[in-house]
Amino acid sequence: MSDAVLSERQGAVATITLNRPERLNAINRPLIDRLDEALAAAEDDPGVRAIVLTGAGRAFCAGDDLVDEEQHDMADETTVREFVEALQDVTRRIVLGRTIVVGAIHGWAVGGGFEWAINCDFPIWAEGARGFFPEMQLGLFVTGGVTRLLPALVGPVKAKEMILLGEHQGARGLKELGLAWKVVPETRLMDEALALAERLVALPPLAAGEFKRIMGLAPFATIEEALALEIEACVATVRDPDTRRRIAAFSQG
């Protein structure tokens, strides 16, 4: 795996680090591909029960690498489509996978980086961290499912303001909007993220994984589709031997 993304596992927690600190972890195709591979590997590893996603150096992710000439030689529609599909695949991994993702966000989270922060199940932001969407000012378009996710989280008017006006958002303001789970001093950011991940890995794995998967799908489903998803998850979890062990232990006091 390229050094553009680092991945390490401690117990049941996989820490995935965007690793282009000299470019503030700006997004290029190698970083996208390595991140997708790292997320897929963590998802496929039965020993991994939670993921911490963070960035090396002074920022979480500064968004699209606008000075990467090779990346922006994109006159060909097929090339552009493949790039954006790869970008969206990362969101599919974070939002629709069964492994809970804790974001540890510091410095800047810009454009696609801001979108990935929003995609996380538990985004923890460092005090002083900031995020914004520069796409509209550049004549580009947002990704990461934020045209659907952001209005559901902050309301349609605020979502339009954030995307169309591109104003900088501070960590405290993002917590008030429900886009940050917690705001902590930067010196405690990774400790807080790893401590939360350890709490999450203690949950029953099948039930937690199914909950994460269905929470990713249900907001976009009809009520009948959501009920059907819940039925299948209930059947699977009730039949899981680990669930039966936990119920027996609970019943015995």
Could you say which residue among Val110, Val101 is touching a residue at least 12 places away in the same chain (Cβ under 8 Å), buried (at least 24 other Cβ atoms within 10 Å of the Cβ), more than 18 Å from Gly173 (Cβ to Cβ) and not hydroxyl-bearing (Ser, Thr, Tyr)?
Val101
Go through (1) open to solvent by 40 Å² or more (accessible area, probe 1.4 Å); (2) in contact with a strand residue (DSSP E or B) (Cβ under 6 Å, 6 or more places away or on another chain) and name the single condition Glu176 misses.
(2)
Output the number of the condition that Leu87 fails; it satisfies all remaining conditions of (1) farther than 24 Å from Leu149 by Cβ; (2) at pLDDT below 95; (3) open to solvent by less than 50 Å² (accessible area, probe 1.4 Å).
(1)
Please go through region 120-138 and give me each residue that is among the hydrophobic types (A, V, I, L, M, F, W, C), open to solvent by less than 70 Å² (accessible area, probe 1.4 Å) and assigned to a helix (DSSP H, G or I), ordered by number.
Met136
The residue from Ala86, Ala59, Ala117, Ala109 that alone is within 23 Å of Ile163 (Cβ to Cβ) and part of a loop (DSSP other than H, G, I, E, B) is Ala59
Checking Leu189 against (1) loosely packed, with under 14 Cβ neighbours inside 10 Å; (2) touching a residue at least 60 places away in the same chain (Cβ under 8 Å), which single condition isn't satisfied?
(1)
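When you scan region 139-147, do you find a residue that is assigned to a helix (DSSP H, G or I) and within 25 Å of Gly216 (Cα to Cα), even just one? Steps first, answer last, please.
In the first step, residues of region 139-147 are kept if they are assigned to a helix (DSSP H, G or I); the result is 146-147.
Filter once more, so that each one left must be within 25 Å of Gly216 (Cα to Cα): 146-147.
Yes, region 139-147 contains at least one residue that is assigned to a helix (DSSP H, G or I) and within 25 Å of Gly216 (Cα to Cα).
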So Leu200 clears everything in (1) farther than 29 Å from Gly155 by Cα; (2) open to solvent by less than 40 Å² (accessible area, probe 1.4 Å) except one condition, right? Which one?
(1)
State whether one or more residues within region 121-139 are polar (S, T, N, Q) and under 19 Å from the mean Cα position of the chain (by Cα).
no
The one condition Asp73 fails out of (1) modelled with pLDDT of 95 or more; (2) under 20 Å from Leu138 (Cβ atoms) is (1)
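Would you check if there is a residue in region 71-79 being among the aliphatic types (A, V, I, L, M) and either open to solvent by 80 Å² or more (accessible area, probe 1.4 Å) or part of a helix (DSSP H, G or I) (or both)? It would help to see each step written out before you state the result.
The first filter runs over region 71-79 and keeps only residues among the aliphatic types (A, V, I, L, M), leaving 74-75.
With either open to solvent by 80 Å² or more (accessible area, probe 1.4 Å) or part of a helix (DSSP H, G or I) (or both) added as a condition, the list becomes 75.
Among the residues of region 71-79, at least one is among the aliphatic types (A, V, I, L, M) and either open to solvent by 80 Å² or more (accessible area, probe 1.4 Å) or part of a helix (DSSP H, G or I) (or both), which makes the answer yes.
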Long-range neighbours under 6 Å by Cβ, at least six apart or interchain, first residue under 15 Å from Ala26 (Cβ atoms) within region 113-124, second of a type in the set (Val, Ile, Thr) and part of a helix (DSSP H, G or I):
Glu115/Val146
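The values are calculated or read from the model by the stated rules, or taken from the named source; none is laboratory data. All values reported here derive from a predicted model rather than from experimental measurement. Neighbour counts run over all protein chains shown; Cβ positions are idealised from the backbone, glycine included. Heavy atoms of the whole protein, side chains included, go into the accessibility calculation; ligands, DNA and RNA do not. Shrake-Rupley method; radii C 1.70, N 1.55, O 1.52, S 1.80 Å.
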